[in-house]
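**Student:** Structure below; questions to follow.
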Amino acid sequence: MTLQEIIDNSENIVFFGGAGVSTESGIPDFRSVDGLYNQKYDYPPETILSRTFFLDKTEEFYKFYRDKLIVKGAKPNKAHIALARLEEKGKLKAVITQNIDGLHQTAGSKNVLELHGSTLRNYCMDCGKLYGADAIENSAGIPRCECGGIIKPDVVLYEEMLDDGVITKSVKFISEADTLIIGGTSLNVYPAAGFINYFHGGRLVIINKASTPADKNADLVINAPIGEVLGSLKI
């Protein structure tokens, strides 16, 4: 069965995606260690993006955050657009994403569950005032609220818990889906990777450049760029 046939015969699709969905929009996977990263930072990304590092070396955290996680001019790619169209057609019920860039919403998706939060939302740790991405992007050093408090991105750092409400909704959508499409993720990051265990529908599709631990259980595995794959569908 082809991906097109699976989608044509599905009525309750859920999409679960990771960093690979956004790399085609020019947003790098922060886990990859590139030359620029090696030259500029003394710590691995996972260390910098931890709660402990944020509290202990706040200014260094924001230096990395502005450089690597705020990507100017990024636009939705063919994958984001195809998923938004599937939702508009009534076939796709939810997008569950590990990404924090907001590109699914920019493409037009309405029901997006952001497991790790979003760089587009920020808040004062003292008074709770909300800020957009520019509050951090256009600041220097440690971004401060008018009350003096630190402005923190609404993203889930290492050592922080995922939002219970988002987890509950994600599990519910996956457990009720007749088709689960997993794309752009290695399925190595927990607890999110464990969500696949709640899927009991008929068709599991995995679209990823590299192999994943769940390939052996999938009905269809496509090792190709996800934008290229979803962009070729007739929706």
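**Student:** How many residues, within segment 108-143, are farther than 24 Å from residue 63 by Cβ and touching a Leu at 6+ places or on another chain (Cβ under 7 Å)?
**Tutor:** Of the residues in segment 108-143, 2 are farther than 24 Å from residue 63 by Cβ and touching a Leu at 6+ places or on another chain (Cβ under 7 Å).
**Student:** Follow-up question, since we're still on this one. Taking into account only those residues within segment 89-121 that are free of Cβ contacts under 8 Å to residues at least 40 places away in the same chain and among the hydroxyl-bearing types (Ser, Thr, Tyr), which is most open to solvent (accessible area, probe 1.4 Å)?
**Tutor:** Across segment 89-121, the extreme among qualifying residues is 106.
**Student:** Out of all the residues in segment 128-135, is one or more of a type in the set (Lys, Arg) and more than 29 Å from residue 226 (Cβ to Cβ)?
**Tutor:** Checking segment 128-135: at least one residue is of a type in the set (Lys, Arg) and more than 29 Å from residue 226 (Cβ to Cβ).
**Student:** Now for a separate question. Look at segment 130-169 and say how many of its residues are open to solvent by less than 50 Å² (accessible area, probe 1.4 Å), charged (D, E, K, R) and not in a loop (DSSP other than H, G, I, E, B).
**Tutor:** 1
**Student:** So, one more: So if I check each of 72, 78, 40, 63, which one is open to solvent by 80 Å² or more (accessible area, probe 1.4 Å), closer than 25 Å to residue 152 by Cα and either hydrophobic (A, V, I, L, M, F, W, C) or modelled with pLDDT of 85 or more (or both)?
**Tutor:** Going through 72, 78, 40, 63 in turn, the sole match is 63.
The values are calculated or read from the model by the stated rules, or taken from the named source; none is laboratory data. These numbers come from a predicted model, not from an experiment. In this analysis, Cβ positions are derived from the backbone assuming ideal geometry, glycine residues included, and neighbour counts consider all displayed protein chains. Side chains are part of the model used for accessible areas, which takes the heavy atoms of the whole protein and leaves out ligands, DNA and RNA. Shrake-Rupley method; radii C 1.70, N 1.55, O 1.52, S 1.80 Å.
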